[in-house]
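Chemist: Submitted below is the structure of interest, expressed as structure tokens.
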Amino acid sequence: MSHPVDLIRLDNINVEFGHSHVLQDVNLTLHKDCITTLIGPNGAGKTTLVRIVLGLIKPTSGQVWLQPNLRVGYMPQKLHIDRTFPLTVKRFLQTARVKELSKMHGALKDVSAEHLLEHSMHDLSGGETQRVMLARALLREPELLVLDEPVQGVDINGQVELYNLITSIRKQRGCGVLMISHDLHLVMSSTDHVICLNHHVCCSGRPEHVSTDPSFIDLFGKQGAESLALYSHHHNHNHDTHGDVIADHPHPNEHSATAHSECNH
Ligand SMILES: Nc1ncnc2c1ncn2[C@@H]1O[C@H](COP(=O)(O)OP(=O)(O)OP(=O)(O)O)[C@@H](O)[C@H]1O
């Protein structure tokens, strides 16, 4: 068993927007060759955490360590292109500041979308758009791939295909992957490590067999908790309607504020 290579380490990250304490003492380590999935309710701070990882915002307090010269590829949640603005896939890929056609072909081939090079971005299906966005992120030959809800706007079959694709890209390239997902059920087979975030790290661990911890029902509702039943965890506290930890249970800092990946090495 080889030692996992750290790509990014976040220590005691806090983010406050005005009076809103969006991230509370979050610790997170991302490894090479490991897929980490962030789940959590709307407004839990998932995108904020991703923005810290990408260096787009600075934490109010806490330390961020990145492997020197780390190459990060980012696939945003959505692409907003005005329909009146003509844009081919090729032109879109060029916005990643890569000019070589061979590299574009290579990235598109990796996502099985080589045939789309000269197509208009406006004519792509949901799944094709996501593949092209993924190809753009791959153009940087990233050591860490960050995907914000990568299957958004894709039908169910396409979602399974995309998750399979992400898994095979990780295998092929050995990069680390951090993704946000709401598709709890689907993502479970495509991830090594799950982090449940609700402003703090509620729990983290490997996706595994059935768990019926009632505290997930508080957090995700019954349906979400059933999806999460595939994920084994130790969630030893409850939340109020704002996601805050209820006082008569241990404070989050005292149990599992740390989210270290547990990958096969
Ligand atoms: N720049 C900002 N200024 C003020 N508040 C912000 C800012 N960015 C995010 N927030 C607030 O922080 C909270 C967390 O937002 P964030 O987008 O990180 O949540 P999320 O878990 O990604 O949510 P969703 O699942 O709905 O995308 C929200 O209440 C949001 O309104």
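Values in this text are rule-based calculations from the coordinates and carry no lab data. All values reported here derive from a predicted model rather than from experimental measurement. Note: ideal-geometry Cβ built from the backbone for every residue, glycine included; neighbour counts use all protein chains shown.
Chemist: Of 58/171; 109/171; 46/78; 58/109; 78/109, which sit over 26 Å apart, Cα to Cα? Could you put the intermediate results ahead of the total?
Modeler: Values: 58/171 31 Å; 109/171 16 Å; 46/78 15 Å; 58/109 36 Å; 78/109 22 Å.
Beyond 26 Å between Cα atoms: 58/171; 58/109.
Chemist: Could you pull out every residue, at least 5 positions away or on a different chain, whose amide H is within less than 5 Å of the one on residue 7? Hs are placed 1.01 Å off N in the peptide plane, and Pro or chain starts have none.
Modeler: 30, 31, 32
Chemist: Next question. Going by a ≥ b ≥ c, the root eigenvalues of the Cα gyration tensor, does the range 7-68 fall in the rounded group (a/c under 1.5), the prolate group (a/b larger than b/c) or the oblate group?
Modeler: Numbers: a/c = 2.14, a/b = 1.36, b/c = 1.57.
Taking the square roots of the gyration eigenvalues as a ≥ b ≥ c, the range 7-68 is oblate.
Chemist: Once phi is turned into θ = phi - 60°, what whole-Hz ³J(HN,Hα) does the Karplus curve with 6.51, -1.76 and 1.60 give for every residue of the range 120-137, x standing for Gly and Pro?
Modeler: 7, 4, 6, 9, 7, 6, x, x, 5, 4, 5, 5, 5, 5, 5, 4, 4, 5
Chemist: Between residue 114 and residue 19, what FRET efficiency follows from the Cβ-Cβ distance if R0 is 45 Å, with the result rounded to 0.05?
Modeler: Working: r = 50 Å, r/R0 = 1.11.
Efficiency at R0 = 45 Å is approximately 0.35.
Chemist: Order these peptides, 79-90, 9-20, by their mean beta-carbon neighbour count within 10 angstrom, highest first.
Modeler: Top of the packing list down: 9-20, 79-90.
Chemist: Whole-Hz Karplus ³J(HN,Hα) for the range 53-64, in order, using 6.51 cos²θ - 1.76 cosθ + 1.60 and θ = phi - 60°, x for Gly and Pro?
Modeler: Using θ = phi - 60°, the values come out as 4, 7, x, 7, 9, 9, x, 5, 8, x, 10, 10 Hz.
Chemist: Work out from phi, with θ = phi - 60° and the Karplus expression 6.51 cos²θ - 1.76 cosθ + 1.60, the ³J(HN,Hα) of each residue of the range 76-93, listed in order in whole Hz, and give x for Gly and Pro.
Modeler: x, 5, 9, 10, 10, 10, 4, 4, 7, 9, x, 8, 7, 4, 4, 4, 4, 5
Chemist: Shifting gears a bit: At what distance in angstrom do the alpha carbon centres of the range 142-164 and the range 22-50 lie from each other?
Modeler: Using only Cα atoms, the two centres lie 17 Å from each other.
Chemist: Starting from the eigenvalues of the Cα gyration tensor, five times each then square-rooted, give me the equivalent ellipsoid semi-axes of the range 88-216, largest first, whole Å. If you can, show how the numbers build up before the last one.
Modeler: Working: eigenvalues 184, 47, 31 Å².
For the range 88-216, the semi-axes come out at 30, 15, 12 Å.
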